[in-house]
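Structure first, then comments.
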Amino acid sequence: MIDNQRAALRYQNKVNNAQGHFFESAIKAACALYSDRERADVDKTPEPFRVLEKSRDGKFKGRFTARAQPDFQGTLDGGRSIVFEAKYTTTDRLKWDVLTQEQRDTLERHARRGALAAVCGGIGNEFFFVPWTVWRDMKEHFGRKYVTAADLEQWRVRFNGAVLFLDYVHHERSRTP
């Protein structure tokens, strides 16, 4: 029984990892589109990683050298900086604590200095760009430390194969946040 549970967990982890990569690729597509249209220059933040050993067959051993920073950072047209973390789930809710303390601290510091700080979230087939202050104070806003797609409806963004994080679905939020 334990082997079946372990195999099921490994399978689910692989599915989640693949979905996360798909989600980040869809955000990167939006970054390229926004750059082409001169609305923003936003890039994926590289993971702090160091190669320890290389082999002749192209494989290597490595290690992470620091805690991860938020996933994306850049500059909006007009000069305002933008920094956000990307989180996706196949379940019906995103939990507050999916962000590490380092990521929360970094988003807070950037927000205090005037950056557009946010969490770009995906719940199933719906995508959202939630201001950091709303995410940070989730318990006060929603009465709990997780959110559903219905909770985030006002921050839902367009999707055309790319997660258009600067384009809210609802008209009153359709301009750059």
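The values are calculated or read from the model by the stated rules, or taken from the named source; none is laboratory data. Values in this document were obtained by computation on a predicted structure and should not be read as measured data. Here the Cβ positions follow ideal geometry from the backbone for every residue, glycine too, while neighbour counts run over all protein chains shown. Surface areas here come from the heavy atoms of the whole protein model, side chains and all, with no ligands, DNA or RNA. Shrake-Rupley method; radii C 1.70, N 1.55, O 1.52, S 1.80 Å.
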Item to check | Lone unmet requirement of (1) touching a strand residue (DSSP E or B) at 6+ places or on another chain (Cβ under 8 Å); (2) surrounded by fewer than 22 Cβ atoms within 10 Å (Cβ to Cβ) for T100 | outcome: (1)
Checklist entry - Restricting attention to the stretch 139-163, and to residues there that are of a type in the set (F, W, Y) and more than 11 Å from L94 (Cα to Cα), which single residue is most open to solvent (accessible area, probe 1.4 Å)? => result F159
Next on the checklist: Condition first: over 22 Å from N160 (Cβ atoms) and of a type in the set (V, I, T). Now tell me which residues in the stretch 84-129 satisfy that.
Outcome noted: T91, V98, T100, T106
Next on the checklist: Being in contact (Cβ under 8 Å) with a residue 40 or more places away in the chain and open to solvent by 60 Å² or more (accessible area, probe 1.4 Å) narrows it down to one residue among R113, R109, R93; which is it?
Outcome noted: R93
Item to check | Any chance G62 is at pLDDT below 95, open to solvent by less than 60 Å² (accessible area, probe 1.4 Å) and assigned to a strand (DSSP E or B) | outcome: yes
Checklist entry - Residues in the stretch 157-168: is at least one in a helix (DSSP H, G or I) and either over 19 Å from A30 (Cβ atoms) or not aromatic (F, W, Y) (or both)? => result no
Next on the checklist: Quick check on my filter: what residues within the stretch 116-131 are open to solvent by 30 Å² or more (accessible area, probe 1.4 Å) and at pLDDT below 95?
Outcome noted: N125
Checklist entry - Quick one: would you say V169 is of a type in the set (A, V, I, L, M, F, W, C) and at pLDDT below 95? => result yes
Next on the checklist: Could you tell me how many of the residues in the stretch 117-154 are over 14 Å from the mean Cα position of the chain (by Cα) and not in a loop (DSSP other than H, G, I, E, B)?
Outcome noted: 12
Next on the checklist: So, in the stretch 1-31, exactly how many residues are more than 16 Å from N125 (Cβ to Cβ) and either free of Cβ contacts under 8 Å to residues at least 12 places away in the same chain or open to solvent by 80 Å² or more (accessible area, probe 1.4 Å) (or both)?
Outcome noted: 17
